[in-house]
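Visitor: Below is the structure I would like to discuss, written out as C-alpha cells.
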Amino acid sequence: MLGKTLFLILPLFSVASSQLCRPDAPGAFKVRFNIKKALGDKAYIWNSDEEFLFKAMMVFAMRAHVDNTIQISNVLICNVTPRVSFWFVVTSPSNSSEAVQSAEVKNAIRLERNRINSAFLLDDSTLEFLAIPPTLAPDVVHSSKSWLIVFGVVVGLLGVASVLLVVSGIKRKKKRENAKTEDPDDDEERIKSTETVENGARLDSAQFCEGADNEAFENISYF
C-alpha cells in the first residue's frame, strides 16, 4: 500500500518540480559556470557532487538571510547543459509547490556572492547569475555636505589665486615706481657733478687769468 502511494506521489512531485524549475519561470534563475576559462588545465569536471555543492551554497545563503528552515530538497536544478549552465529555483519550506520570492533569492545571493564564488574557485566573471548583478549596488544619495565641501575647496583655491595675482601685481608696480624714482635722482646727481666740475674749471681759469693780469700789472708798475 505504501509503495503504491509513493508511486502515485512521485509523478505528481516531478510534475510540480518541472513547472517550478524551467526557463523563465517565476522565481527561477539561470547560472553559467566558465570553469575552463577560469582554471585552464586545472579545471574540474561538473558532476552530481558539484551540483550538490551548489545546492548547499544556495541553502547557506537562503538560511542566512531568508529562512533558516530551508533544506537541500528546496533547491531544484533543471536544464543542465554540457557547458555547465542550468536553471535553479528555491521552493518554500512550508509549501514545496511555491517558489521563494525572487527578490529574496537575489538579495541572499548578492550578500553571499564572495562565499559562493570561493566555493567553486571562480569569480564574478566566471560564475554568472544572469539575472543577478554581481554586487549589491549602493543607493545613490546626493549629499549636500559633499557638494558644500567641494564648493568650499574651489572657492578657496580661487581666493588664493586671486590674492597671489594681486600681490604679484603690487610688487611689479612697486618695482616700476622704484625704477622711475631712482632714474631722476641719478640724472640730477650727474647734472650736479657735471656743473660742479664745469664751475670748478671755470673758477680755476678765472682765477688764473686774474692772477696773470695782476702779475703783469705789477711787472709793468716796476718799470
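The values are calculated or read from the model by the stated rules, or taken from the named source; none is laboratory data. These figures come from a predicted structure and were not determined experimentally. Cβ sites come from the backbone with ideal geometry, for glycine too, and all protein chains shown count toward neighbours. Surface accessibility is based on the protein's heavy atoms, side chains included, excluding ligands, DNA and RNA. Shrake-Rupley method; radii C 1.70, N 1.55, O 1.52, S 1.80 Å.
Let's see how each residue does on (1) surrounded by 17 or more Cβ atoms within 10 Å (Cβ to Cβ); (2) in a helix (DSSP H, G or I); (3) at pLDDT 95 or above:
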position	(1), (2), (3)
Met57	yes, yes, yes
Met62	yes, yes, yes
Val90	yes, no, yes
Val105	yes, yes, yes
Ile109	yes, yes, yes
Leu122	yes, no, yes
Ala131	no, no, no
Leu136	no, no, no
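Visitor: Of the residues in region 29-53, how many are part of a helix (DSSP H, G or I) and without any contact (Cβ under 8 Å) to a residue 40 or more places away in the chain?
Guide: 8
Visitor: In region 32-45, how many residues are of a type in the set (Phe, Trp, Tyr) and either open to solvent by 40 Å² or more (accessible area, probe 1.4 Å) or touching a Cys at 6+ places or on another chain (Cβ under 8 Å) (or both)?
Guide: 1
Visitor: Report whether or not Asn68 is in a loop (DSSP other than H, G, I, E, B), of a type in the set (S, T, N, Q) and open to solvent by less than 70 Å² (accessible area, probe 1.4 Å).
Guide: When the stated conditions are applied, Asn68 does not pass them.
Visitor: Taking Gln19, is it at pLDDT 95 or above and either open to solvent by 40 Å² or more (accessible area, probe 1.4 Å) or touching a His at 6+ places or on another chain (Cβ under 9 Å) (or both)?
Guide: No: the conditions fail for Gln19.
Visitor: OK, next. Take Pro26 and decide whether it is more than 18 Å from Thr81 (Cα to Cα), assigned to a loop (DSSP other than H, G, I, E, B) and at pLDDT below 95.
Guide: Considered against the rule, which asks whether it is more than 18 Å from Thr81 (Cα to Cα), assigned to a loop (DSSP other than H, G, I, E, B) and at pLDDT below 95, Pro26 comes out as yes.
Visitor: Taking the condition farther than 30 Å from Lys42 by Cβ and touching a Lys or Arg at 6+ places or on another chain (Cβ under 9 Å), does Ile70 pass? Give the steps one after another, and end with the answer.
Guide: Working: farther than 30 Å from Lys42 by Cβ: yes; touching a Lys or Arg at 6+ places or on another chain (Cβ under 9 Å): yes.
So Ile70 fits the description; yes.
Visitor: Here's something else I'd like to know. From the residues in region 88-113 that are among the polar types (S, T, N, Q) and more than 13 Å from Gln71 (Cα to Cα), which one is farthest from the chain's Cα centre (by Cα)? First the steps, then the outcome.
Guide: Taking region 88-113 first, the residues among the polar types (S, T, N, Q) are 91-92, 94-97, 101-102, 107.
Going one step further and asking which of them are more than 13 Å from Gln71 (Cα to Cα), we end up with 97, 101-102, 107.
On the way: Ser97: 46, Gln101: 35, Ser102: 32, Asn107: 25 Å.
Of everything passing the filter in region 88-113, Ser97 is farthest from the chain's Cα centre (by Cα).
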